[in-house]
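Coordinate-derived values only; no laboratory data. Just so it is clear, the model here is predicted, and its values are computed rather than measured. Note: ideal-geometry Cβ built from the backbone for every residue, glycine included; neighbour counts use all protein chains shown.
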Amino acid sequence: MGTFLLLATEAAAEAESASHGVGLNTNILETNLINLAIIIGVLFYFGRKFIGNILTERRSKIETAIKEAQAKQKEAAAALSDAQQKLTQAQSEAQRLRAVAEENAKAERERILADAVRDVERLKTTAQQDTNAARERAIAELRQRVAAMAMQQVESQLKSQLNDNTQQQLIDRSIAGLGG
């Protein structure tokens, strides 16, 4: 127990001296500089290969990743160029189709207009023919009515002016005109 007390008093003294100010401990054995130098030396000697291998693997992985990224970049650039070329082709094809569609629409419009003009002319001709036919029927009907009215008027005049004596003279003239 005596050693314990001795160590405790030394620790207390040291704590007291450390609390009074900052100082530099020049005792190599107390500062563990030798131990640190040995550990660093062992780590440097044995760890150099291990860390070198890790760094070499890491470097090769990074180089591989860079090469893959460059290859993907080239592929993407080629795909972009191809897509742009296809887009240009599609746009020119769309313009060509639009021009053809406009030309077809114009031709169809002109054909429809020509058909409409022919239909109008045909309808005019048909209407003119119908009008002429209706006029001819009306004129023929009027002629028949006029003829019928004239016949009625002549018959009524003949009945009123024709008596037995006149009738006998008319008959005799007709017979004489026949050759009798």
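Given a Förster distance of 35 angstrom, what is the FRET efficiency for ASP82 paired with ILE62, based on the Cβ-Cβ distance and rounded to 0.05?
So, using R0 = 35 Å, E works out to roughly 0.70.
Near LYS67, which aspartates and glutamates are there with a Cα under 19 Å away, not counting those fewer than 8 places off in the same chain?
GLU57, GLU75
Please report the Cα spread of the range 86-138 along all three principal axes, rounded to whole Å, starting with the longest.
Extents along the principal axes: 75, 8, 5 Å.
Would you list, by chain and number, the lysines whose Cα falls below 19 Å from the Cα of LYS61, excluding same-chain residues fewer than 8 positions away?
LYS49, LYS72
Using the beta-carbon distance between ASP164 and GLN144 and R0 = 41 Å, what value does 1/(1 + (r/R0)^6) give for FRET efficiency, to the nearest 0.05?
On the way: r = 33 Å, r/R0 = 0.81.
E(calc), rounded to 0.05, equals 0.80.
If the cut-off is a Cα-Cα distance under 29 Å, which lysines reach LYS106, setting aside same-chain residues fewer than 8 apart in sequence?
LYS124
Remind me, what semi-axes does the range 31-159 give for its equivalent ellipsoid, largest first in whole Å, using sqrt of 5 times each Cα gyration tensor eigenvalue? Show your work: numbers first, answer last.
Numbers: eigenvalues 2781, 49, 10 Å².
Output for the range 31-159: semi-axes of 118, 16, 7 Å.
Any idea which of GLN91, SER60, ALA71 is furthest toward the positive side of the dipole for the range 47-96, if Lys and Arg beta-carbons carry +1 and Asp and Glu beta-carbons -1?
SER60
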